[in-house]
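> Questions regarding the structure given below will be posed in turn.
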Amino acid sequence: MNGLAIVLISIAVLGGGYLFYGRWLVKKWGIDPKKKTPAYEHEDGQDYVPAPKQIVFAHQFSTIAGAGPVTGPIIAAAFGWVPALLWILVGGVFFGAVQDFGALYASVKNEGKSIGLIIEKYIGKTGKRLFLMFCWVFSLLVVAAFSDMVASTFNASLSKAYSIGAPVAVTAATTPGAAAGSISIFYIIGAVLFGLFLKYVKPNQVVMFFSGIAMFVAMMAAGMACPIYLNKMQWLLVVFAYIFFAAVVPMWILMQPRDYLSSFLLIFMILGAVVGIFMTRPDMNINAFNGFNVNGKMLFPTLFVTIACGAVSGFHSLVSSGTSSKQVRNEKDILPIGYGAMMLESLLAVAALVVAGAAAKGGKLPDGTPFQIFSAGVAGFFEKFGMSAYVAKCSMTMCVSALCLTTLDSVARIGRMSMQELLYDEDGKAHTPVTKFLTNKYVATVITLACGFALSLGGYNNIWSLFGSANQLLAALVLIALAVFLKTTGREGWMLYVPMTFMLVVTMTALVMAVVNIFAKAGAGKFVFLTDGLQLIIAVMLMALAVMVAYHCLRKLFEKPEKQSKTKASAKNADAE
């Protein structure tokens with residue numbers, strides 16, 4: 001089938017999902033454009049910072065569009081492009097976007113609180129602590145996987161050691177990673193300057209847009225002109241230093257402006273892929289369907305765990321309720337930010353699938369990682385538009401690394417906040433000397449990142465499958481919690497029952513299969529404690545936490561109506577205040 005037809009059908013489906021299903025959810029749940037949002041009610045200049053819709057959308061999209069929408073669809077193409085495409089479209093419209101929108105909606109309606117604190121309010125303290133523990137462990141997996149990807153991408157090992165700025169014969173074949181790393185450094189510096197510009201000059205939307213474009217072009221040019229040559233471990237240390245800084249400084253200094261500037265990069269990449277597909281009209285050179293069992297892996301549950309971002313991802317809910325909800329200026333912005341950003345990410349997943357399918361030969365994908373396949377494909381489109389090979393490869397390398405970096409700076413903050421909320425007392429404060437020390441934002445960030453760093457030393461290949469299962473399991477738990485919130489507050493939540501049940505069955509099945517495989521390796525004498533042992537511990541921990549969280553949530557969801565009367569009344573009063 002022609003790739004252009006696939007993209008056009010996908011745009012129609014995703015656009016229709018936003019215009020009809022998204023707006024239908026708004027009517028069912030209700031919004032109040034006149035109500036003051038948590039960004040204003042709790043404005044502190046740190047986490048609660050009101051921002052224009054465009055900036056919050058850029059933050060949401062830049063953060064959720066991590067490695068998943070590129071990696072997952074290309075790996076899942078082993079089953080054929082039809083099942084992968086169907087899951088992206090159905091999952092995106094009815095699963096992922098509903099979760100993202102629901103988490104943002106619930107958080108805005110509850111003082112910008114995270115999903116963990118929302119669970120405490122509507123389900124109980126035990127459910128909250130179990131969920132926050134799950135989120136913290138999950139954040140370690142995200143930090144480990146994505147930081148290793150970024151360091152591997154930026155790694156520039158040349159035959160000789162070069163210092164920063166030293167003369168070198170720069171070629172596209174040897175330095176796209178070095179140039180991308182340099183661009184990232186300039187991006188961080190530029191984002192801080194842009195944040196100061198927005199804070200104190202307060203430009204209008206037009207000036208902000210063109211200023212952002214100018215900054216974007218300048219940083220790309222400077223980074224390509226001055227590649228930085230560091231090895232993987234050096235880059236890993238730089239990445240962790242950056243995400244520590246991003247996790248502790250006020251949102252307006254770095255994260256808001258960086259996400260706004262990164263949105264230009266990511267939209268540039270998506271447009272390049274989509275326009276390239278329109279111009280070249282490539283054929284899908286992979287099979288439509290390869291069967292239910294491919295290379296010893298069953299389509300169920302593998303497909304639904306492999307394609308996370310682009311269809312449904314539990315991590316998105318942490319972004320919606322952890323950072324985005326604290327920036328929303330008006331409730332009417334919740335739909336485009338929560339639902340709309342997910343639709344754009346699903347389109348990116350479709351584009352990645354088509355680009356990979358077009359690059360295939362003889363029904364087989366090219367050698368290389370999914371990032372390399374996608375980058376090379378889109379860079380090829382850019383070259384056909386007249387862009388030099390060096391600029392095209394550097395731009396695409398930066399684009400895919402930006403997907404990871406914008407996820408990392410948010411998940412570092414979310415991991416820190418999850419640890420703090422886990423240790424706070426009932427009044428939301430720390431009282432003992434130990435908890436005061438551990439909940440200090442610098443200490444909590446160091447502990448979180450130190451654990452993530454230790455995990456990253458094993459390489460993302462060793463934890464990616466576990467990350468995928470944990471990510472989808474988180475989505476199931478969040479959907480259950482949102483169903484409780486909707487029922488308790490007198491809103492209809494039946495549209496979440498099928499997604500939450502399906503995702504719970506899928507992910508628990510996948511985790512059980514992962515544990516069985518690890519024991520099989522042990523029986524064959526191939527068990528390695530540093531990788532397999534750590535995965536086994538985390539897998540069992542996630543399963544236990546998930547079962548306990550699901551039990552508390554489902555018990556609350558299906559308890560008798562008279563037992564919910566007091567909770568429902570107090571929730572309605574809180575919502576009306």
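The values are calculated or read from the model by the stated rules, or taken from the named source; none is laboratory data. Just so we're clear, the structure is a prediction, and the values are computed from it rather than from any experiment. Cβ atoms come from the backbone with ideal geometry, glycine included; neighbour counts cover every protein chain shown.
> If you take just the helices (runs of 4 or more DSSP H) that sit entirely in segment 75-147, which of them hold at least 2 residues that are under 19 Å from the mean Cα position of the chain (by Cα) and among the aromatic types (F, W, Y)?
Because the criterion is at least 2 residues that are under 19 Å from the mean Cα position of the chain (by Cα) and among the aromatic types (F, W, Y), the helices (runs of 4 or more DSSP H) in segment 75-147 that meet it are 97-108.
> Can you tell me which of E426, E383, E421 is acidic (D, E) and without any contact (Cβ under 8 Å) to a residue 24 or more places away in the chain?
E383 is the lone residue from the list that is acidic (D, E) and without any contact (Cβ under 8 Å) to a residue 24 or more places away in the chain.
> In addition: Here are some residues: I243, I277. Which one is of a type outside the set (G, A, S), in contact with an Asp or Glu (Cβ under 6 Å, 6 or more places away or on another chain), assigned to a helix (DSSP H, G or I) and at pLDDT 85 or above?
I243
> Please find, within segment 44-54, the residue that is nearest to L104 (Cα to Cα) out of those that are of a type in the set (D, E, K, R) and part of a loop (DSSP other than H, G, I, E, B).
Here the answer is D47.
> Hey, among the residues in segment 248-263 that are in contact with a Phe, Trp or Tyr (Cβ under 9 Å, 6 or more places away or on another chain) and of a type in the set (A, V, I, L, M, F, W, C), which one's nearest to Y187 (Cα to Cα)?
L261
> Separate question: Under 9 Å between Cβ atoms, which residue pairs at least 6 apart in sequence (or on different chains) link something in segment 16-27 that is in contact (Cβ under 8 Å) with a residue 24 or more places away in the chain with a partner that is polar (S, T, N, Q)?
That search, which allows pairs on different chains as well, returns G17/S346.
> Within segment 492-507, how many residues turn out to be buried (at least 20 other Cβ atoms within 10 Å of the Cβ) and either part of a helix (DSSP H, G or I) or in contact (Cβ under 8 Å) with a residue 40 or more places away in the chain (or both)?
Within segment 492-507, residues that are buried (at least 20 other Cβ atoms within 10 Å of the Cβ) and either part of a helix (DSSP H, G or I) or in contact (Cβ under 8 Å) with a residue 40 or more places away in the chain (or both) number 7.
> Follow-up question, since we're still on this one. Quick check: is even one residue across segment 280-287 more than 30 Å from L477 (Cα to Cα), part of a helix (DSSP H, G or I) and modelled with pLDDT under 90?
Within segment 280-287 (the criterion being more than 30 Å from L477 (Cα to Cα), part of a helix (DSSP H, G or I) and modelled with pLDDT under 90), the answer is yes, since at least one residue qualifies.
> Return a yes/no flag: does segment 397-411 have any residue that is farther than 22 Å from S182 by Cα, touching a residue at least 60 places away in the same chain (Cβ under 8 Å) and under 26 Å from the mean Cα position of the chain (by Cα).
Yes, that holds for at least one residue.
> Related question: Just checking, which of F453, F467, F437, F371 is touching a residue at least 60 places away in the same chain (Cβ under 8 Å), surrounded by fewer than 22 Cβ atoms within 10 Å (Cβ to Cβ) and closer than 30 Å to V249 by Cβ? Don't jump to the end; show me each part of the working.
Values: F467 fails: surrounded by fewer than 22 Cβ atoms within 10 Å (Cβ to Cβ); F437 fails: touching a residue at least 60 places away in the same chain (Cβ under 8 Å); F371 fails: surrounded by fewer than 22 Cβ atoms within 10 Å (Cβ to Cβ).
Going through F453, F467, F437, F371 in turn, the sole match is F453.
> How many residues are in contact with a helix residue (DSSP H, G or I) (Cβ under 7 Å, 6 or more places away or on another chain) and in contact (Cβ under 8 Å) with a residue 40 or more places away in the chain when one looks only at segment 508-519?
4
> Next up: Here are F57, F20: which of them is of a type in the set (F, W, Y), part of a helix (DSSP H, G or I) and surrounded by 22 or more Cβ atoms within 10 Å (Cβ to Cβ)?
Going through F57, F20 in turn, the sole match is F57.
> Looking at I253, I213, I228, which one is in a loop (DSSP other than H, G, I, E, B) and farther than 30 Å from G459 by Cα?
I253
> Among what's in segment 337-362 and is of a type outside the set (A, V, I, L, M, F, W, C) and more than 16 Å from I267 (Cα to Cα), pick the residue that is modelled with the lowest pLDDT. Spell out how you get there, then give the answer.
Of the residues in segment 337-362, the ones of a type outside the set (A, V, I, L, M, F, W, C) are 338-340, 345-346, 357, 361-362.
Then drop every residue that is not more than 16 Å from I267 (Cα to Cα), which leaves 338-339, 357, 361-362.
Numbers: G338: 97, Y339: 97, G357: 93, K361: 88, G362: 83.
Of everything passing the filter in segment 337-362, G362 is modelled with the lowest pLDDT.
> Now a separate question. Going by the structure shown, is L365 modelled with pLDDT of 85 or more, crowded, with 23+ Cβ neighbours inside 10 Å and not basic (K, R)?
For L365, the condition - modelled with pLDDT of 85 or more, crowded, with 23+ Cβ neighbours inside 10 Å and not basic (K, R) - is not met.
> Another question, if that's okay. Among the residues of segment 23-34 satisfying the criterion of being in a loop (DSSP other than H, G, I, E, B) and in contact with a helix residue (DSSP H, G or I) (Cβ under 6 Å, 6 or more places away or on another chain), which is surrounded by the most Cβ atoms within 10 Å (Cβ to Cβ)?
Pass one, segment 23-34, residues in a loop (DSSP other than H, G, I, E, B): 30-34.
Still in the running and in contact with a helix residue (DSSP H, G or I) (Cβ under 6 Å, 6 or more places away or on another chain): 31-33.
Values: I31: 17, D32: 13, P33: 8.
Among them, the one singled out is I31.
> Quick check on this structure: which one of T37, T63 is of a type in the set (S, T, Y), touching a residue at least 24 places away in the same chain (Cβ under 8 Å) and either surrounded by fewer than 20 Cβ atoms within 10 Å (Cβ to Cβ) or within 22 Å of K202 (Cβ to Cβ) (or both)?
Selected residue: T37, the only one of T37, T63 that is of a type in the set (S, T, Y), touching a residue at least 24 places away in the same chain (Cβ under 8 Å) and either surrounded by fewer than 20 Cβ atoms within 10 Å (Cβ to Cβ) or within 22 Å of K202 (Cβ to Cβ) (or both).
> Can you tell me which residues in segment 148-158 are outside any loop (DSSP other than H, G, I, E, B) and either surrounded by fewer than 24 Cβ atoms within 10 Å (Cβ to Cβ) or β-branched (V, I, T) (or both)?
V150, S152, T153
> Among the candidates G314, G340, G377, single out the residue that is small (G, A, S) and closer than 29 Å to L511 by Cα.
Every option except G314 fails the conditions.
> Kindly provide the set of residues from segment 412-451 that are of a type in the set (S, T, N, Q), farther than 20 Å from L318 by Cα and in a loop (DSSP other than H, G, I, E, B), ordered by number.
T432, N440
> Any idea which of (1) over 25 Å from L474 (Cα atoms); (2) more than 15 Å from the chain's Cα centre (by Cα); (3) modelled with pLDDT under 95 is the one K297 doesn't satisfy?
So K297 meets the others, but not (1).
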